[in-house]
Amino acid sequence: MKNILVVILCTCCFFVSSEIRAQKISWLEGTWSGEGDQPDALTQTKWKVNFSYEPATGILKVDYPSLGCGGEWTLVSSDNASATFTENLSYGFDKCMNGCKVIIYHLDNNYRRMYYYDPENPYLQVAVALVEKQ
């Protein structure tokens, strides 16, 4: 009985996870560039951020050229005004914090505001960025 329950729970998690990944966020489609700020950082506080989102694949790729890190964001949730992601770095682990929660807000047709939260403390905002559609 215990094994059946584990299989059912794993199957449900798979379908929920697949459904979230399949969500299309049309207001985020395209390529975006801007600048971020880490007001409490001990080192560089201003940095460049570039990302692209392709709704057909659901993949958001991010690059921080001035910091030397980047990777992909995994969608957690979205609606017409915001989207929440988990950042998964693929390089520059020694330069950037991996696993941040990132919330993107739809400001208007050309701008998005992004807030970054510490992976250890999801209520602690560690950075903010403003990006413009390219």
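Taking segment 102-134, which residues are basic (Lys, Arg) and surrounded by 20 or more Cβ atoms within 10 Å (Cβ to Cβ)?
Correct list: Arg112 only.
Tell me, which strands (runs of 3 or more DSSP E) wholly within segment 63-134 include 1 or more residues that are polar (S, T, N, Q) and in contact with a helix residue (DSSP H, G or I) (Cβ under 6 Å, 6 or more places away or on another chain)?
In segment 63-134, no matching strands (runs of 3 or more DSSP E) lie anywhere.
Quick note: the coordinates plus some simple rules give every number you see, no bench work behind them. Not measured: the values here are computed from a predicted model. Note that each Cβ is placed from the backbone with ideal geometry, even for glycine, and that neighbours are counted across all protein chains shown.
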